[in-house]
Amino acid sequence: MTQNPPPLLGESPAFRAMLAHVSRVAPLERPLLIIGERGTGKELVAARLHYLSRRWDRPFVKVNCAALPETLLDSELFGHEAGAFTGAVRRQIGRIEQADTGTLFLDEIATASPAVQEKLLRAVEYGEIERVGGRTQTVDVRVIGATNADLPALAEAGRFRADLLDRLAFDVVTLPPLRARREDIPRLAEHFALGMVRELGRPLFPGFTPRAMDQLLDHAWPGNVRELRNAVERAVAASDPEGPVDDVTLDPFASPWRPAALASVPPEPGEEEAEPLPDDFQERVRAFEAGLLRTALEKSRFNQRQTAQALGLGYHQLRGLLKKHGLIGG
């Protein structure tokens, strides 16, 4: 079992502040939440929290709540006794018991069903679990949950237990997206490139040309570090081993032969025919654009900088569009 926290690369202020937060809360014997967009490294941060804690030499058990339906997730987390249900031919020790004295990492925790959430609440609050068909037992587990969802909004809408959220949110570590730490892109890109060069058995990595690095720095990276890794490894594999990487394919689906979007597929027999094209094309486009802006503003609670990030726009570009559609004053 490794005894060192996993490497997390970056020197940007946002990234360093996040690492300082992790170091501060890791030793505390309390539940935690990790919030971040897809591809930001939530599992790596959870592992770092574990290995910097006093539980570093105890089990670190991971469960992806989105990967299993409710009944299987319940059995996977809490276990079951032999004969508890059809097909339960032997006792199964649940992941929570496996994590006893250690850390349980619940990825995509927002997808857990209300029934599972209720049982999790008891495990977090009192350290008590009950195998399906079994008796109550006591465990000592630190729970770390992770999600890319807005848990307070889900709790307010009744889609996530507010009491479980209160218990888990002793502290919340929020991971910065890659677009908020662009100065880390060259270092991350070189790290991933060197790994791919070793995998390919090449003797050295000649680097990136300025053109390729500009491509990496200018991209919005909606998939964050995971997307960057894929793009860099793809570019290295396709490049001349003797020369620097000069081009990065940011969209692997880009092709003149890419299948048409589903919206353009003719309807099946019996389905409604598509509505006729609008007479006033420009007006329809204007209304659609204004609707997108309103929706994004509402989701970001009218924070214009967050709205701009969500839409992949610059701040001043967003303000220009808002003024154009009369959504803010001139």
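The values are calculated or read from the model by the stated rules, or taken from the named source; none is laboratory data. Every value quoted in this text rests on a predicted model; they were computed, and no experiment measured them. No Cβ is skipped: glycine too gets one built from the backbone with ideal geometry, and neighbour counts run over all protein chains shown.
The listed residues are Ala237, Ala263, Ala193, Ala212, and the only one of them that is in contact with a Leu (Cβ under 9 Å, 6 or more places away or on another chain), small (Gly, Ala, Ser) and either part of a helix (DSSP H, G or I) or at pLDDT below 95 (or both) turns out to be Ala237. Looking at Ser53, is it of a type in the set (Ser, Thr, Tyr), surrounded by 15 or more Cβ atoms within 10 Å (Cβ to Cβ), modelled with pLDDT of 95 or more and closer than 23 Å to Ala189 by Cα? In short, no.
If you go through the range 130-182, how many residues are charged (D, E, K, R), in a loop (DSSP other than H, G, I, E, B) and crowded, with 18+ Cβ neighbours inside 10 Å?
Qualifying residue count for the region: 3.
Residues that are at pLDDT below 80 and either in a helix (DSSP H, G or I) or assigned by TED's automatic domain parsing to the domain that holds His219 (or both) within the range 300-315 comprise just one, Tyr315.
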